[in-house]
Structure formats: structure tokens, C-alpha cells
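What follows is a short report on a single structure.
Taken together, the values in this text are just the output of simple stated rules run on the coordinates, not laboratory data. The model shown is predicted, which means the values in this text are computed figures rather than measured ones. As a convention, Cβ positions derive from the backbone with ideal geometry for all residues, glycine included, and neighbour counts pool all protein chains shown.
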Amino acid sequence: MSTLIDGKKISQDIKDELKEKVSGLNAKGTEVSLAVILVGEDPASQVYVRNKKKACEYIGIRSISHELPDSTSEEELLSLISDLNKDDSVDGILVQLPLPSHINEDTVIKAIAPEKDVDGFHPQNVGALSIGQKGYVSCTPAGIIQLLKRSNINMDGAHAVIIGRSNIVGKPMALLLLRENATVTITHSHTKDLKEITKQADILIVAIGKAKFVNDEYIKEGAVVIDVGMDRDENGKLCGDVDFDSVKDKCSAITPVPGGVGPMTIAMLMNNCVSAKGEI
């Protein structure tokens, strides 16, 4: 049986470290604050926002909530973002995605001041990552790096293969792994001989949104498997992009779903908020 990479525990460790830092900031009269904007009543988004508020409360970050109706216009949303950009008491701005169809997500992401873009989605932050400069990093890939580091998995010189090329996970993940001196291969829906490539991976990161797509035929003995997926199986049970039962005895370490990558995303969002104060 492989080692289970416990994202719940590691994320809790990070939140505890941040709580201590925020406590120190508060003692100096410095407050960390995050503005969260939710447009509409998407049930999954409401859950995510609730979890972010809970994390803020635990760490000691002031959470400023803006819950807007589905009928909110793009102009109204951009006006709110503009106000928050100018508000010196606000350290981070997060607009929960997806947005209603009449609002252009790209326009909204670009409207957030890069120095308050704690999601790490603004083109300026993405560009900074690509050339190794300082900026906010997308939370899920940043969380995966922490999972690997805190599980003592060596990335230096390792062959890391990513399945998926999204702007939120696949692409920034590749850049972060390069920063750790891994040799990186990105695969996707047009990749030929996918299994032959993934079987070369020392570290395999799967982020494609297809339930139990990767089984033991895709991995080599002793590989580390990171499952970013959040899917439902044929019985409606939560599962990942990796067929956990098929893979668990072949790999050396693996993240479960739930309880693997998921908790790390919010932990790294909190980390980005605190780093806005220049304390990290």
C-alpha cells in the first residue's frame, strides 16, 4: 500500500502557521482582510465561499462579503471591484467563479488590481510566474507544491508529467515544477500514446475532470500520483480523475479524493492573503 498524502493535515498545518503570523500582525495593530464577491446562487459556489469564510475566521483574517444577485450587471460588478481596488483596508479581492453567463470572466479577472489578485489569475501575475518574478500564484498548483515538499517528495531532477493544460492548474503547475528543477511534460486531449508518456513519470499530476480516468496502466511502479479531480462516479459518490483502488498499490504515494488537493487550495488562498502584508 502506498503512502497517503494527507491534504487535510497539511492544510491544517499551514493554517495554524498563518494563524500565528496573523496574531503577530494583529498585535502590531495590522489587520489582514479579504473581500469575497459572489454573484448569483450557484450551490457549489456558495459552499466554496462558506469554506473560505470559515478559513478566514479561523486564521484571523477579516472577511468582507459581497453577495450579489444573479441579475447584477457586468458594469455594477466592475464598479464594485474598482472601489475595492482603491480601498487601502482591503488586501485581497476574490471573485468566485463561475460567473453568470452575461458577465465576461476575463474582463472581471483583468479588472482586479494585480497586487490584490489573491487567486493568481490576473495576466500580470501569470506573466510574473512564467519569467520567475514575484507575484501571486494560482492556489491549487501552489498547494500541490506544498503537498510534495511537506511529504518529503524530491522534485529536483524528477520527471513530472501533467495531464491537463488549463490556465488554472495545468500551465501554472508546469511552471512551478520547473522552478523546483523538475523535468516537465504536459499532456492533454490531443496527446498521442498518452499511457506511454505517463508511465515515464516519477510524479504524475492529473487534472482533466474525468472520473477515474487514470488506472494502473497509466503509471509506473513507485510513481507519486497527485489527483486534482473532483468528480462523481456511477453511484454519485465523490471521486477523482484517478481510479484510486486500481492505482494505490502500484504508486509510492497518492492523494485521496476528498481530502487531498482540495483543502490545500483554500490554505494557499489564505497564504496569499497574508503575504499581501509582505510577511511571508
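Things to note:
- Test: residue in segment 16-25 that is among the small types (Gly, Ala, Ser), more than 17 Å from the chain's Cα centre (by Cα) and either over 30 Å from Gly260 (Cα atoms) or not in a helix (DSSP H, G or I) (or both): no
- Candidate set from segment 104-131 (those that are touching a helix residue (DSSP H, G or I) at 6+ places or on another chain (Cβ under 7 Å) and in a loop (DSSP other than H, G, I, E, B)); member that is farthest from Arg179 (Cα to Cα): Asn104
- Of the helices (runs of 4 or more DSSP H) contained entirely in segment 148-253, those carrying at least 3 residues that are more than 19 Å from Leu4 (Cβ to Cβ) and either of a type in the set (A, V, I, L, M, F, W, C) or touching a Gly at 6+ places or on another chain (Cβ under 9 Å) (or both) fall at 170-179.
- Among the candidates Leu94, Leu80, the residue that is outside any helix (DSSP H, G or I) and surrounded by 14 or more Cβ atoms within 10 Å (Cβ to Cβ) is uniquely Leu94.
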